[in-house]
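To keep things clear, I will list the structure first and then write my remarks on it.
The values are calculated or read from the model by the stated rules, or taken from the named source; none is laboratory data. Since the structure is predicted, the reported quantities are computational estimates derived from the model, not experimental observations. Counting neighbours? That spans all protein chains shown, and the Cβs are built from the backbone with ideal geometry, glycine included. These accessible areas exclude ligands, DNA and RNA; they are computed on the full protein's heavy atoms, side chains included. Shrake-Rupley method; radii C 1.70, N 1.55, O 1.52, S 1.80 Å.
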Amino acid sequence: MRRAIVIVCATALLSLVVIGGPQAVGSPPAGPVKIAAVGDIACKNPPGNNVHVCQYDDVSNLVADGGYTAFLPLGDNQYEYGRYLDYVQNYDVYFGRFLPTSFPVPGNHEYGTPDAAGYFRYFGKIAYGPDGWYSFDLGGWHFLALNSAICSPYYGAPCGPGTPEYEWLKADLAAHPNSTYPCTLAYWHHPVWDWEKYQNNHWVQSFDYDRAKPFWKLLYRAGADVVLSGHNHNYQRYAPMDAKGQADPVNGMTEFIVGTGGRNTNDLGSKSTMPPTFVTGQDTSFGILALTLHPGSYDWRFVTAAGSPAFFDSGTATCH
């Protein structure tokens, strides 16, 4: 019964507009809005006393305390296999209260259950199954929620030209041009650019990074501004980059990796493999990325969860 009420509330607050295939969510009037984003969240058991593992209750409290307009779960929201029962027993206990303002995307762990059935059953209409990609407008910004988990060698190829998600994204960007929507934010689970300890392994390139490169290229050509991902269990921020991952301070997109949702943390890579566009990051603290979106600009801040070492990263940038 509670799940049914939540879905009714969500659809009452946000109008739906069919734009061809998946639906786009309409927005309230433009103005500053606060967004919280994080991925790699709930364990298959309740939070415990180990400060290094399963502290998703502390991360939930950050979202609750911030007064955010929207919450973006960045995938791998429920470990280990995204089963529906695990969602109900763990994720829902701490993050279910945010369902009316949640705009989720799935990760690879959701697909530990065939067709991510647990994810789509738990999130219901707001997951936009069975594909899992959609767009919406909020605070004068255009948002694109994409599904990178289906883009892998095991599904044939990255989501390149001719594939349904690529063609949908191409059409959506054409329908929301930068001249009308000067600020665009896209998010999915697997980062295109990353710094991790397996940096030089070929399988990492093909299994992780290559998945969403076609998305990045389309977004760059369309003048998008921000890309959010999870997957690597740490926090990373990159300088604005072009379609090849090279610094482009004028037209480039800024990537944030926010895999600090409570499951555990992963080490960053060795200094010898640090990408030249890497600006800052940390691999010891849980927390969320808080964004304040203005017409034409945005502010960002990493907010550290209770019990984690304090880490500070904040700033302001303008849209293209």
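Which ones in the stretch 112-149 are of a type in the set (Asp, Glu) and outside any loop (DSSP other than H, G, I, E, B)?
Residues satisfying the conditions are ASP115, ASP137.
Do the conditions hold for LYS217, that is, is it at pLDDT below 95, basic (Lys, Arg) and out of contact with any Lys or Arg (no Cβ under 6 Å at 6 or more places or on another chain)?
Criteria not met by LYS217.
Mind listing whichever residues of the stretch 209-222 are touching a Phe, Trp or Tyr at 6+ places or on another chain (Cβ under 9 Å) and either without any contact (Cβ under 8 Å) to a residue 40 or more places away in the chain or open to solvent by 10 Å² or more (accessible area, probe 1.4 Å) (or both)?
Narrowing the stretch 209-222 to residues touching a Phe, Trp or Tyr at 6+ places or on another chain (Cβ under 9 Å): 209, 211-212, 214-216, 218.
Those that are touching a Phe, Trp or Tyr at 6+ places or on another chain (Cβ under 9 Å) and either without any contact (Cβ under 8 Å) to a residue 40 or more places away in the chain or open to solvent by 10 Å² or more (accessible area, probe 1.4 Å) (or both): TYR209, PRO214, TRP216, LEU218.
Within the stretch 57-73, is even one residue over 23 Å from LEU293 (Cα atoms) and at pLDDT 50 or above? Before you say what the answer is, go through the steps one by one.
Step one: list which residues in the stretch 57-73 are over 23 Å from LEU293 (Cα atoms), which gives 57-58.
Subsequent filtering for residues that are at pLDDT 50 or above retains 57-58.
Within the stretch 57-73 (the criterion being over 23 Å from LEU293 (Cα atoms) and at pLDDT 50 or above), the answer is yes, since at least one residue qualifies.
Against the definition (crowded, with 17+ Cβ neighbours inside 10 Å, in contact with a His (Cβ under 8 Å, 6 or more places away or on another chain), touching a residue at least 40 places away in the same chain (Cβ under 8 Å) and farther than 19 Å from GLU80 by Cβ), how does SER135 come out, yes or no?
yes
Return the residue satisfying two criteria in turn: it lies in the stretch 302-312 and is surrounded by fewer than 17 Cβ atoms within 10 Å (Cβ to Cβ) and either touching a strand residue (DSSP E or B) at 6+ places or on another chain (Cβ under 6 Å) or of a type outside the set (Phe, Trp, Tyr) (or both), and of such residues it is farthest from ASN178 (Cα to Cα).
For the stretch 302-312, the residue satisfying everything is GLY307.
Of the residues GLY259, GLY296, GLY252, only one is over 22 Å from PRO73 (Cα atoms) and surrounded by 20 or more Cβ atoms within 10 Å (Cβ to Cβ); which? First the steps, then the outcome.
Working: GLY259 fails: over 22 Å from PRO73 (Cα atoms); GLY296 fails: surrounded by 20 or more Cβ atoms within 10 Å (Cβ to Cβ).
Just a single option satisfies the conditions, and that option is GLY252.
Could you give me the residue pairs with C-beta distances under 9 Å whose first residue belongs to the stretch 288-302 and is at positive phi, whose second residue is open to solvent by 10 Å² or more (accessible area, probe 1.4 Å) wherever it lies, and which are 6+ apart or on separate chains?
These pairs meet every condition: GLY296/GLY140; GLY296/PRO182; GLY296/THR318; GLY296/CYS319.
Checking the conditions here, which among TYR155, TYR94, TYR119 is at pLDDT 95 or above, open to solvent by 50 Å² or more (accessible area, probe 1.4 Å) and among the hydroxyl-bearing types (Ser, Thr, Tyr)?
Sole residue among the options that is at pLDDT 95 or above, open to solvent by 50 Å² or more (accessible area, probe 1.4 Å) and among the hydroxyl-bearing types (Ser, Thr, Tyr): TYR94.
Restricting to the stretch 60-91, what's the tally of residues that are buried (at least 24 other Cβ atoms within 10 Å of the Cβ) and over 25 Å from SER308 (Cα atoms)?
Going through the stretch 60-91 one residue at a time, the tally reaches 1.
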